[in-house]
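Step one of this worksheet: look at the structure below.
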Amino acid sequence: MDRNPGAPPLYAQLEQILKQQIECGTYKKGDFLPTEKELMEKYELSRVTVRQAMTNLVQSGYARARRGIGTDVVYEKVEEQMEGVISFTEEMKKHHIEMQTTYCKMELISPGETVARSLQIPLTEPCYCLKRVRNAVGKPMVYTITYLKKICELPTEPEPYMESLYQYLREKHGIYIESGRDTLEAALPSEEVQKALKIDAQMPIFIRTRQTFLKGGEVFEYSICYYPGNRYKYTVEL
């Protein structure tokens, strides 16, 4: 614990230590955290300080206080199985996790070189750009920038895109995604991504770049999805 002048409050330091232990799997969902007495002795803290840290953990959705029993972990990373083309909304429904769209902006833009090349369109041909922040378990889980080839007129108001994009395209426009290609990499977040996901500059992120194809192999979508590394994991079936 840092007790030097200007250091964060001790309760905040303890809260961060416990969050990191939960996020890295030292304490998994359902495990009980150390008791107040154990934390007081281990970190040489007062009961008031420990209690404040535990209260903050509960309020931030990491743990649950159970009267007469203790405090157990409720935090769990969202796991995505990589098996075919599926939307974030559909993936969350598979895990029975409630999803919310907290930011949504759709517009028609002129593509840059990377987007034009990825969609296989001329630089002079406009495309749609959809930006969304999707929340699950009360926290931002993915910031997505999706570019769509303009094969039909799509509305630019946000309402149609608050749920599954793929479902909306199928049901309202008869657009069916036939196949896709995902590329994964790890990186540190840009300022834009930090703001969208509410993370700091040192938090590692997953970046998933996706191209999807219509029947016949025509490129329809190019998207970049940013996932916070402490809230997400991928499982690949081989």
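Just so you know, all these numbers are worked out from the coordinates, no wet-lab data involved. Keep in mind that this is a model prediction, so the values were computed, not measured. Here the Cβ positions follow ideal geometry from the backbone for every residue, glycine too, while neighbour counts run over all protein chains shown.
Taking the Cβ of GLU36 as the centre, find all other residues whose Cβ is under 12 Å away and add up their charges (Lys, Arg: +1; Asp, Glu: -1).
Taking every other residue near GLU36 into account, the sum is +2.
Build a GNM of the chain with springs between Cα atoms under 10 Å: which of GLY68, GLY174, GLY30 gets the top mean-square fluctuation?
Of the options given, GLY68 has the highest mean-square fluctuation.
With contacts defined as alpha carbon pairs under 8 Å and 6 or more residues apart, what's the relative contact order of the chain in percent?
Reported relative contact order: 18 percent.
As a quick test, which of the pairs LYS19/LYS105; LYS105/LYS198; LYS42/LYS195; LYS28/LYS198; LYS37/LYS139; LYS19/LYS139 have an alpha carbon distance above 25 angstrom in this structure?
Among LYS19/LYS105; LYS105/LYS198; LYS42/LYS195; LYS28/LYS198; LYS37/LYS139; LYS19/LYS139, the Cα-Cα distance tops 25 Å for LYS19/LYS105; LYS42/LYS195; LYS37/LYS139.
Chymotrypsin sites (Phe, Trp or Tyr not before Pro) within the range 5-67: which are DSSP loop residues with at most 11 other Cβ atoms inside 10 Å?
Answer by residue number: there is no such site.
Among ILE207, ILE175, ILE109, whose mean-square fluctuation peaks in a Gaussian network model of the chain (Cα, cutoff 10 Å)?
Ranking ILE207, ILE175, ILE109 by mean-square fluctuation puts ILE109 first.
Within the range 141-191, report the GluC sites (Glu not before Pro) that DSSP leaves as loop and that have at most 10 other Cβ atoms within 10 Å.
Listed in order of number, the matching sites are GLU153.
Assuming R0 = 22 Å, can you tell me the calculated FRET efficiency for the pair LYS131 and PHE213, based on Cβ-Cβ distance, to the nearest 0.05?
Taking R0 as 22 Å, the efficiency between LYS131 and PHE213 is 0.50.
At what distance in nm do the modelled label points of SER190 and GLN16 sit from each other, each positioned 7 Å from its Cα along Cα→Cβ?
Each label point is offset 7 Å from its Cα along the Cβ direction, giving 2.7 nm.
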